[in-house]
Amino acid sequence: MASDRDAPGRDAPGPGTESPGRIVLLTTSHRVAPGLLSWPAWQALRGADRVLCADGTHPQLPYLREAGITVDETAPTAQELVDTCAGGRTVVVVATGEGEPRLTDGLAGLAGSGRIQMPDLELLPASYDLPGARLLDLVQVMDRIRLECPWSSQQTHKGLVKYGIEEAYELVEAIEEGDRDELREELGDVLLQVVFHARIAEEGGPEDEDTPFSIDDVAAGIITKLIHRHPHVFGDETATTPEEVKEHWLRTKAEEKRRTSVTEGIPLGQPGLALAAKLASRVRTAGLEVELPQGEGVGYELLAMAARAEAEGVDPETALRTAARAYRDAIRASERPAEA
């Protein structure tokens, strides 16, 4: 049997030469707790002739060693790794966070040369991201920006208000325009506002009335609310139509808030048409008989039109924006030079 350095050599092997072996590139997700590896990963690690890792501080190493896996802290070149596999050996490389680009590029170069017989190369994910895992990265990025960015570190809840409003409107526009790429981007911008405000609130201070909370508290609150307001999903109640779902939602919301007026909780700072429609919706849902106030001027006329639109199932804000876009297009058309 030849040693690691004697085989496989740099020339293409002839008949009867020994097996070139196998390289397993083991990747893990930093978003999953170290040591929680897949069963195929543990099998590969226990069956390997050698396990290598270039990063002595890799978070998986203590858990691998605790499980009895010997890990050599070394960063072989592509040729050295190929030589190590000679004689049919299996070598597992525990990839660093960057994914070992130098090593994989080197292996690709050797394979492309056609001068040597390459070991079998397998990419084995040892842990997978769960849905929503990238949100953890967003929290980490926001933490660093808050600490190190001269502008972001000085922002307050009140200072960010205008950006939240702008991003919400840009999201609405992306939805109405039907642009999927723009929609994805604007959802990210809105999500940033949530994470940013939660990061500020985590610090406490006068603006937060010394009651800090984190993004986890925000998520926990909405989870509790969603579960409570969906007894037909998480409880014993039944809902087979959207109307029944809405009835459950309104009933549980009323129990939570214990409001004395249907107008409570309606933000008066929202656009006028949306405000009028929301008030009309609350009145209609509560079964109240309330006459629209009468008065002179376009404001009362718009109030009546908003209430009528809401009763007909039309969002007056959306309807007006649709008409306004048509008006914009007509303006642009009138600005084009007439064709000769």
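Checked against (1) modelled with pLDDT of 85 or more; (2) outside any helix (DSSP H, G or I), Ala280 meets all criteria but (2). Going by the conditions given, is Phe213 of a type in the set (Phe, Trp, Tyr), under 23 Å from the mean Cα position of the chain (by Cα) and part of a helix (DSSP H, G or I)? In short, no.
Residue count for the range 107-147 satisfying the condition of being open to solvent by less than 60 Å² (accessible area, probe 1.4 Å), touching a residue at least 24 places away in the same chain (Cβ under 8 Å) and not in a loop (DSSP other than H, G, I, E, B): 11.
So that you can scan it fast, the table gives a plain yes or no per residue for (1) among the acidic types (Asp, Glu); (2) under 30 Å from Met142 (Cα atoms); (3) part of a helix (DSSP H, G or I):
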position: Val218; (1), (2), (3): no, yes, yes
position: Gly221; (1), (2), (3): no, yes, yes
position: Glu237; (1), (2), (3): yes, no, no
position: Thr240; (1), (2), (3): no, no, no
position: Glu244; (1), (2), (3): yes, no, yes
position: Ser261; (1), (2), (3): no, no, no
position: Gln270; (1), (2), (3): no, yes, no
position: Gly295; (1), (2), (3): no, no, no
position: Leu302; (1), (2), (3): no, no, yes
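Residues in the range 133-179 that are over 30 Å from Arg321 (Cβ atoms) and aromatic (Phe, Trp, Tyr): Trp151 alone.
Considering Leu279, Leu268, the condition of being without any contact (Cβ under 8 Å) to a residue 40 or more places away in the chain, open to solvent by 100 Å² or more (accessible area, probe 1.4 Å) and among the hydrophobic types (A, V, I, L, M, F, W, C) is satisfied by Leu268 alone.
Would it be correct to say that Thr252 is in a loop (DSSP other than H, G, I, E, B) and of a type in the set (Val, Ile, Thr)? No: the conditions fail for Thr252.
Filtering the range 79-106 to residues that are more than 17 Å from Ser19 (Cα to Cα) and either open to solvent by less than 20 Å² (accessible area, probe 1.4 Å) or of a type outside the set (S, T, N, Q) (or both) leaves Val93, Val94, Ala95, Gly97, Glu98, Gly99, Glu100, Pro101, Arg102, Leu103, Asp105, Gly106.
Quick grid of which residues meet (1) at pLDDT 90 or above; (2) exposed (fewer than 13 other Cβ atoms within 10 Å of the Cβ):
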residue	(1), (2)
Gln155	yes, no
Val161	yes, no
Glu166	yes, yes
Glu170	yes, no
Asp181	yes, yes
Val190	yes, no
Val195	yes, no
Ala198	yes, no
Asp208	no, no
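One line per residue, one yes/no per condition, for (1) surrounded by fewer than 16 Cβ atoms within 10 Å (Cβ to Cβ); (2) within 20 Å of Asp137 (Cα to Cα); (3) free of Cβ contacts under 8 Å to residues at least 60 places away in the same chain:
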| site | (1), (2), (3) |
| --- | --- |
| Thr28 | no, yes, no |
| Ala33 | yes, yes, yes |
| Ala48 | no, no, yes |
| Val51 | no, no, yes |
| Gly56 | yes, no, yes |
| Pro59 | yes, yes, yes |
| Gly68 | yes, no, yes |
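Among the residues of the range 217-255, just one is open to solvent by 70 Å² or more (accessible area, probe 1.4 Å) and touching a Phe, Trp or Tyr at 6+ places or on another chain (Cβ under 6 Å), namely Ile227. Checking each residue in the range 293-323 for being of a type in the set (A, V, I, L, M), farther than 14 Å from Ser281 by Cβ and surrounded by 10 or more Cβ atoms within 10 Å (Cβ to Cβ) picks out Leu302, Ala304, Met305, Ala319, Leu320, Ala323. Please indicate, with yes or no, whether at least one residue in the range 305-318 is under 36 Å from the mean Cα position of the chain (by Cα), at pLDDT 90 or above and under 26 Å from Lys225 (Cα atoms). So far as the range 305-318 goes, yes, one or more of its residues are under 36 Å from the mean Cα position of the chain (by Cα), at pLDDT 90 or above and under 26 Å from Lys225 (Cα atoms).
The values are calculated or read from the model by the stated rules, or taken from the named source; none is laboratory data. Every value quoted in this text rests on a predicted model; they were computed, and no experiment measured them. Here the Cβ is made from the backbone with ideal geometry for all residues, glycine too, and neighbour counts use every protein chain on show. Just the protein is used for accessible areas: all its heavy atoms, side chains included, with ligands, DNA and RNA removed. Shrake-Rupley method; radii C 1.70, N 1.55, O 1.52, S 1.80 Å.
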